[in-house]
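Reviewing the structure listed below.
The values are calculated or read from the model by the stated rules, or taken from the named source; none is laboratory data. Keep in mind that what you see is a predicted model, and the values were worked out from it rather than measured. Cβ sites come from the backbone with ideal geometry, for glycine too, and all protein chains shown count toward neighbours. For the accessible areas, the whole protein counts, side chains as well, though only heavy atoms, and no ligand, DNA or RNA atoms are used. Shrake-Rupley method; radii C 1.70, N 1.55, O 1.52, S 1.80 Å.
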Amino acid sequence: MYFMQPEENENLKNMFAPKTGDMSAEDFRRAGHEIIDWIADYSQNIESFPVLSQVEPNWLKSNLPQSAPDHGEDFAAVFRDIDKLILPAVTHWNHPNFHGLFSTSVSAPGIFGELLSAAFDMKAMLWRTSPASTELEEVVTDWLRQMMNLDDGFKGIIYDTASVSTLHAIAAAREGLSLKIRENGMSGRDDLPLLRVYTSEQSHSSVEKAVLLLGLGQKSLVKIPTNERFEMDAGKLREAIEADKRDGCVPFCVVATIGTTSTASVDPIAEIVPVCEENAMWLHVDAAYAGSAAIVPEFQKLFKGCERADSLVTNPHKWLFTPFDLSILYCRHTDLLKRAFSLVPEYLKTDEAVTNQMDYGIQLGRRFRALKLWFVIRYFGRDGLIERLREHCRLAQLLASWIEKSEDWELVAPVNFALVCFRASSKTIENFDALNEKLMNEINASGEAYLSHTKLNDKYTLRLSIGNIRVEERHIKKVWNLLNEKLQAEATAQSAAL
Ligand code: PLP
């Protein structure tokens with residue numbers, strides 16, 4: 001459904017590039033007003049779109065020219081193609097019934113922050129190339145640190161994603177071993193023992209990817225079993241480390257998770273901390289999803305022990321209404337990050353006694369990401385953000401209560417935050433795995449809502465994540481009704497076939 005017809009939009013016509021230079025300020029203003037109007041309409045009407053894009057693979061590619069235009073086009077025509085070509089191929093992450101993976105959404109202040117950051121186009125590498133970006137990043141990550149009740153030993157650094165934050169944390173942990181890996185690398189060395197990283201079997205694949213990228217190899221990663229609540233077993237962690245030490249390996253890092261991807265389970269950080277401390281290991285906490293919940297007072301108990309972690313990642317782009325991408329690594333040992341990554345060629349040498357962000361990671365230039373988070377925090381305030389997260393968790397508990405009361409459904413994991421893992425287990429139907437997959441596929445194909453799945457104890461499990469800034473009880477009720485209608489239809493079809 002197209003709610004706007006740009007063809008009829010006189011305001012956008014005849015907007016051709018001048019012979020030299022950029023679009024005129026007058027045209028920019030004209031197009032800018034239209035685009036902001038478009039975004040306002042899009043946000044207001046988001047529920048009229050199918051959540052998952054309904055196009056077939058290659059639909060967009062087959063509708064686009066194979067090579068770039070030789071001559072500039074009327075910007076009106078360019079923008080018209082947003083409606084005609086781009087919108088049908090959009091999966092609407094901002095739809096309140098997007099419950100797959102982790103439900104995330106932007107907010108208006110976040111969009112404005114992103115817009116202004118594009119206008120500044122700052123490359124934060126040296127302080128002098130980006131004083132605002134460098135200093136605002138320090139201030140805003142410190143605000144969030146305080147909101148999350150983390151102590152001031154943690155310094156925040158913004159990266160694009162949690163995968164990259166975790167990569168940097170493990171690189172810093174490895175640098176702390178003082179094995180001259182920076183100078184001599186790892187290959188062709190007889191003097192290096194097998195270095196080991198430990199994480200739970202429920203942790204995110206980004207941990208394994210970091211190990212791959214750092215050249216440690218998959219055999220460096222030990223996946224510790226979890227208990228019936230999908231939490232890392234700290235006793236088994238200790239046993240694995242002790243056995244590895246007896247075998248001459250060097251255990252150097254544990255990645256624990258608060259809010260695992262499949263079930264949002266919480267590893268027992270307070271029990272893992274002493275194991276790390278006794279073995280002089282780095283503890284990195286992956287709170288990419290659930291870190292935002294640390295701002296809610298009643299959830300802070302789930303973060304107990306983080307005060308003794310070495311680093312922690314949280315993604316405001318997941319559950320703090322900040323446009324993708326913005327991930328924060330809180331790190332106690334930024335000196336080690338700097339030792340691992342700083343490399344200053346002559347053309348980047350400066351003499352100010354300042355933070356140069358290029359020293360703390362693989363990228364030279366960084367986007368001005370802090371601006372959008374600053375807008376979000378200032379506009380909603382701590383209280384406003386807490387209330388929104390609380391409401392998401394209330395809705396998750398509400399859905400869990402419906403599931404518990406029903407004979408046809410079962411909860412498959414505890415509901416810690418705003419993610420519900422469940423499955424149809426109706427006594428009247430056979431082959432639950434196939435049934436649950438079918439229900440999910442039907443709902444997703446309908447465009448009414450988007451759910452995703454995981455496997456828990458080998459059982460096909462549906463995941464419903466609640467995190468959209470506009471989500472209301474009616475949206476959760478709608479999915480619950482859809483699930484029950486589809487289940488009923490399946491039961492009827494199966495009994496008719498008998
Ligand atoms: N860690 C956890 C627990 C996650 O759930 C995810 C993604 O969902 C990630 C890390 C990776 O996040 P990103 O896409 O920011 O790399």
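Below are the figures for this structure:
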item	result
Residues of region 137-180 satisfying the condition of being of a type in the set (Gly, Ala, Ser) and either crowded, with 21+ Cβ neighbours inside 10 Å or within 16 Å of the ligand (Cβ to nearest atom) (or both)	GLY156, ALA162, SER163, SER165, ALA169, ALA171, ALA172, ALA173
Residues satisfying the stated conditions in region 285-313, i.e. within 13 Å of the ligand (Cβ to nearest atom), out of contact with any Asp or Glu (no Cβ under 9 Å at 6 or more places or on another chain) and either in a helix (DSSP H, G or I) or over 17 Å from THR104 (Cβ atoms) (or both)	ALA290, GLY291, SER292, ALA293
Criterion: open to solvent by less than 10 Å² (accessible area, probe 1.4 Å), touching a helix residue (DSSP H, G or I) at 6+ places or on another chain (Cβ under 8 Å), farther than 19 Å from SER165 by Cα and touching a residue at least 60 places away in the same chain (Cβ under 8 Å) - qualifying residue of ILE241, ILE295, ILE224, ILE272	ILE295
Residue ID - nearest to the ligand (Cβ to nearest atom), chosen from residues in region 275-284 that are part of a helix (DSSP H, G or I) and either open to solvent by 10 Å² or more (accessible area, probe 1.4 Å) or acidic (Asp, Glu) (or both)	GLU277
Filter pass, ILE429 being of a type in the set (A, V, I, L, M, F, W, C), surrounded by fewer than 19 Cβ atoms within 10 Å (Cβ to Cβ), at pLDDT below 95 and part of a loop (DSSP other than H, G, I, E, B)	yes
Verdict on LYS219 being under 21 Å from GLY361 (Cβ atoms), assigned to a helix (DSSP H, G or I) and of a type outside the set (A, V, I, L, M, F, W, C)	no
From GLY248, GLY259, residue being open to solvent by 10 Å² or more (accessible area, probe 1.4 Å) and of a type outside the set (Phe, Trp, Tyr)	GLY248
Restricting region 314-372 to residues that are within 16 Å of the ligand (Cβ to nearest atom) and in a helix (DSSP H, G or I), the residue that is surrounded by the fewest Cβ atoms within 10 Å (Cβ to Cβ)	HIS317
One residue from GLY185, GLY215, GLY248 being over 22 Å from GLY305 (Cβ atoms), within 25 Å of the chain's Cα centre (by Cα), more than 16 Å from the ligand (Cβ to nearest atom) and free of Cβ contacts under 8 Å to residues at least 60 places away in the same chain	GLY215
Residues within region 16-57 that are in a helix (DSSP H, G or I), within 25 Å of the chain's Cα centre (by Cα) and among the polar types (S, T, N, Q), tallied	2
